[in-house]
Amino acid sequence: MSSHHQRAANGRDGASSSQLVRPLMVALAITAGFTVVEFVGGLLSGSLALLSDAGHMFTDTLAIALSLGAVMIALRPPTEEQTYGFLRAEILAALVNGATLVAVAVLIFYEAVQRALDPPEIDGPLMLMVAVAGLAANASGMYLLHDRSKVSLNVRGAFLHMFGDLLSSIGVIVGGLLIIMFDLRVVDPILSVLIGAIVLAGAWKLVTQSTSILLESVPGHIKLPDVKAALLGIEGVVDVRDLHIWTLSSGMHALSAHLVVEDRMLSECMGLVSGCEKTLRDRFGISHTTLQVECGSCDHDACAFAPQIDR
């Protein structure tokens with residue numbers, strides 16, 4: 001791959017990562033602040049729902065702090081030992097966040113059973129007031145992270161944590177209203193189960209996506225046969241061998257391949273390689289490419305994974 005492409009890829013990733021720091025810091029401050037508010041409100045009102053939600057927000061505070069730390073680590077430049085830099089720190093954080101969300105969902109289910117068996121006496125008005133404030137705080141945090149969550153799996157983990165908090169706040173508000181008006185405390189565990197199911201669904205998607213990246217699977221939006229066909233469509237390319245595509249970090253995809261070309265001078269292959277790079281970048285969003293040019297089919301003994309990929 002040309003040095004131009006390497007610098008371009010690093011520049012894009014660095015710029016995007018640096019733009020994530022400020023919104024994550026604001027979201028962290030909001031979540032940490034309202035964790036304290038809900039904890040104090042739960043103690044004063046005697047609301048188990050608020051105390052549980054405060055515990056939920058505390059785990060989210062840790063999760064957002066982890067996401068922020070991962071983004072800052074990802075900004076560090078490559079070294080001789082870490083030649084790709086620290087981009088995968090964001091994916092590791094996303095995996096940890098997803099696993100934490102699973103634990104949070106399990107805790108919500110557990111608390112729902114406890115509330116159904118022994119509904120607590122609570123101060124409905126105070127519970128409602130604190131829950132409304134928490135809803136506003138979570139909505140603000142989600143607004144800050146919404147756009148960034150579409151381009152960063154790590155930030156998506158933090159966004160899903162705050163989304164779970166927002167749903168919890170809505171559940172507490174509905175429960176508070178029903179308790180004030182009808183003393184219908186059984187609604188609290190019912191809403192908790194629904195909230196836990198939504199949190200668990202988001203967690204499962206986050207865990208599977210981050211695991212797929214760590215296993216260096218082909219990105220979900222890219223089909224290997226389509227990429228091979230596109231490369232074979234470049235004039236002069238006779239065959240494509242040992243084709244690998246993987247994700248370095250959210251939105252940054254890489255490819256390596258052997259291009260079998262018609263016998264020619266090496267200097268004449270530069271235009272062909274540039275055409276392949278442009279096709280990969282424009283059609284598939286793959287900007288980090290390593291293409292080996294050869295005039296005969298490669299020896300499979302030298303390509304450890306070729307039989308599995310090319311078969």
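Miscellaneous remarks
- Label point 7 Å beyond Cα of Val106 along Cβ direction - residues of the stretch 135-169 with amide nitrogen under 19 Å: 161
- Of Ala197, Ala158, Ala27, the one that fluctuates the most in a GNM where the chain has Cα springs shorter than 10 Å: Ala197
- Eligible lysines near Lys223 by straight Cα distance, threshold 18 Å, same-chain separation 8 or greater: Lys278
- Of all complete DSSP H helices in the chain, those with a Cα span along the helix axis of 27 Å or greater and a mean Kyte-Doolittle hydropathy of -1.0 or more are 3-45, 48-74, 88-117, 124-149, 153-182, 187-214.
- Residue list for the stretch 154-188, given a label point 7 angstrom along the Cα-to-Cβ vector of Leu44 and an amide N cut-off under 19 Å: 169, 172-173, 176-177, 180
- Ranking of Met25, Met57 by count of other Cβ atoms within 10 Å, fewest first: Met25, Met57
- Whole-number D in µm²/s for the stretch 80-218 (Stokes-Einstein; Kirkwood sum over Cα pairs; 4 °C, 1.567 mPa s): 79
- Going from the fewest other Cβ atoms within 10 Å to the most, the residues Asp53, Asp282 appear in the order Asp282, Asp53.
- Over the chain: Kirkwood hydrodynamic radius from C-alpha pairwise inverse distances, Å: 21.9
- Only DSSP H runs of four or more residues enter the estimate; each adds -39500 (n - 2.57), and after division by the residues of the chain the mean residue ellipticity at 222 nm equals -24000 deg cm²/dmol.
- Amide H within-cut-off set for Ile286, under 5 Å, with H built and near neighbours excluded: Arg281
- Fluctuation leader among His244, His258, His221 - the chain, Gaussian network, Cα springs under 10 angstrom: His221
- For the chain, size of Cβ-based charge dipole, Lys and Arg +1, Asp and Glu -1, in debye: 500
All of the numbers you see were taken from the coordinates with simple rules; none came from a lab. Predicted model, so just to flag it, every value in this text is computed and none were measured. In this analysis, Cβ positions are derived from the backbone assuming ideal geometry, glycine residues included, and neighbour counts consider all displayed protein chains.
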